[in-house]
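For reference, the structure discussed in these notes is given below.
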Amino acid sequence: MRHYIIAIDQSTSATKALLFDEQCKLVDRCDIAHKQYYPQEGYVEHDAEEIYQNTVEAIRQVVDNCELSIVNCQFSLAITNQRETVVVWNKHTGKPIAKAVVWQDTRGAEICRQLREAGKTQMIQEKSGLLIDPSFSASGVKWLLDHIEGTQEAASRGDLLMGTIDTWLVWKLTGGRSFYTDTTNASRTMLFNIHTMDWDDDLLALFGIPRQMMAEVLPCDAVYGETTVEGVFEKPIQIAGVLGDSHGALVGQMCFSEGSGKVTYGTGSSIMVNIGEEPLAAPDGLVTSVGFSALGRHFYGYEGNIYSTGATLKWMCDQLQLIDSPAKMEAEATSVTDNGGVYIVPAFAGLGAPWWKPDAKAGIVGMTFATTRAHVIRAGLESIAYQIKDLVDVMARAIGGRLQEICADGGPTKNGFLMQYQADLLDTPVVCTDVEDASALGAVLMNGFARKTWTSFDDVTGFRKVTKVIKPAPTAQVQTGYAGWLKAVSRMIEK
């Protein structure tokens, strides 16, 4: 009997259901976008109930579309998800107490500032591997408990649960029977001790979060429960394999060895390098997270996150209405020879690594009467490459030199101008694979490890197929462009 794996890739902008066979070939997919809520400055929210309903509908559609006989095929479910976005809900009613606080949300900035002023930076970083920043889940949960009447008492009574999106989906899909998260998502909350691999009582107390709100932490390659997906399947199927999206891409790019790394180009972007099985302290501007846990081993990673990359392109399309879609940007950007001195610093939700300036604001600098739409679009694309270089330079110094190559995944890898500019800036080959959805592939691999389809990393490395390698051709113009970027960032930070 043939087995198919449905990978749920629940991202910041949409929920995707991707159907894979056991040779890791993509059979079909369904994407359903969800609404973004911006109730006031600095707030970014999602409706967790909408995300769950979209998950169910995406699974339903992908099963219906592929015309497979559910009777004659076996299915299982894997999950990869936007990280840090956090939901707090009542365990009796199953209803969230508020909309989910998205990782881009900065309402916890004041909480973080107070912790830094209280001298908690070293303690938090030593235990969690993270810097104090509102992008991580803890400050968002504390804000909800501090500002919604009656929630602190309810949390103390054990009536409330909290979790990242993976935990919420597993809990909902299993009818509340499974309350789990995985080590990668846990390591992005600022509440998890990456040395003991458990929730840390000191960190929980610091944020006023009762331990009973927290899910049990499992390795990525575990079985998380069973579900019929609201009746899509007559008999329950396994939920096996869960990990955060950036970690999924690390696995999907087969970065199983120490020193291998990847860049995920998504709504935001993540650079992660496998540093082995010891949770080493990160250099300035980076954090240490659990890279993935599989086959009885824990691998750690240095990581830096950029808040707005693909989101910048979406903003130029939807808000500024400069162009219909990101797919048309390459032609527009290459219609001019350079950016005309224009730089977009996309600090819409502050600046992440390596700057860590949550209060920074976005800006467009360097415009003149000669500036055209093409210059602004090109500046938006270049801002992605510049931010990646900011991080790669820090990471390269941390591991003692230039990275051998960068494995790239995500929708923007289709943009030839952006990929070439990236390679030129880094003076490093950019390797693109045939799987655009590397995060989903990582979840599929963890699903297979959980079900013992594969029993070693060597069993799966052949699934990674390189489609193109962009070789660098650095020029003086590229380096001049980067110098201008650094000046533009300095202006935004100083405001």
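Below is a table of values for the structure above.
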item: Cα centroid separation, segment 381-400 to segment 301-319 (Å); result: 15 Å
item: The chain - mean residue ellipticity at 222 nm from DSSP helices (-39,500 (n - 2.57) per run, n ≥ 4, rounded to 500); result: -10000 deg cm²/dmol
item: Positive dipole terminus of the chain, leading residue within V27, G366, N274 (C-beta point charges); result: G366
item: Peptide ranges 344-350, 179-185 listed from the most packed, as the mean C-beta count within 10 angstrom indicates; result: 179-185, 344-350
item: Rg/Rg_ref, the chain, where Rg_ref = 2.2 N^0.38 Å and atoms are Cα; result: 0.93
item: Net length gained if the chain between V466 and R297 were fully extended (0.36 nm per residue, minus Cα distance); result: 58.2 nm
item: Relative packing of peptides 472-480, 19-27 - highest average C-beta neighbours within 10 Å first; result: 19-27, 472-480
item: Listed residue pairs exceeding 31 Å between alpha carbons, taken from K35/K414; K35/K127; K99/K357; K328/K468; result: K35/K127
item: Residue-span extension gain [Q321 to Y37] - 0.36 nm each, minus C-alpha spacing; result: 100.3 nm
item: Neighbourhood net charge (11 Å Cβ-Cβ; Lys/Arg +1, Asp/Glu -1) for T167; result: -2
item: Estimated FRET transfer efficiency when R0 is 22 angstrom, pair T93-E234 (beta carbons, to 0.05); result: 0.20
item: Residue-count net charge about P39 - beta-carbon cut-off 15 Å; Lys, Arg +1, Asp, Glu -1; result: -1
item: Given charges at beta-carbon only (K, R positive; D, E negative), |dipole| of segment 273-377 in Debye; result: 200 debye
item: Overall form of segment 112-177 per C-alpha gyration tensor (a/c, 1.5; a/b vs b/c); result: oblate
item: Fraction of antiparallel bridges per DSSP, the chain only, in percent to nearest 5; result: 70 percent
item: Under Karplus coefficients 6.51, -1.76 and 1.60, residue-wise ³J(HN,Hα) of segment 472-484 in Hz, glycine/proline x; result: x, 9, x, 10, 5, 4, 5, 5, 5, x, 5, 4, x
item: Within-13-Å neighbourhood charge of E277 [Cβ basis; K, R +1; D, E -1]; result: -1
item: Net dipole in debye of segment 204-333 [+1 Lys, Arg Cβ; -1 Asp, Glu Cβ; about Cα centre; nearest 20]; result: 100 debye
item: Heavy-atom SASA rank of R373, R29, R2, R83 (probe 1.4 Å, accessible area, largest first); result: R2, R373, R29, R83
item: Largest-first principal axis extents, alpha carbons of segment 42-104, Å; result: 47, 28, 16
item: From phi via Karplus (6.51, -1.76, 1.60), per-residue ³J(HN,Hα) for segment 347-354 in Hz, x at Gly/Pro; result: 8, 5, 10, x, 10, x, 4, x
item: Accessible-area composition of the chain, carbon plus sulfur, in percent [1.4 Å probe]; result: 48 percent
item: Anisotropy class of segment 326-414 from Cα gyration tensor, a/c 1.5 cut; result: oblate
item: Three-way shape label, segment 82-121, alpha-carbon gyration tensor, a/c 1.5; result: prolate
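The values are calculated or read from the model by the stated rules, or taken from the named source; none is laboratory data. Values in this document were obtained by computation on a predicted structure and should not be read as measured data. Note: ideal-geometry Cβ built from the backbone for every residue, glycine included; neighbour counts use all protein chains shown. Ligands, DNA and RNA are excluded from the accessible area calculation, which covers all protein heavy atoms including side chains. Shrake-Rupley method; radii C 1.70, N 1.55, O 1.52, S 1.80 Å.
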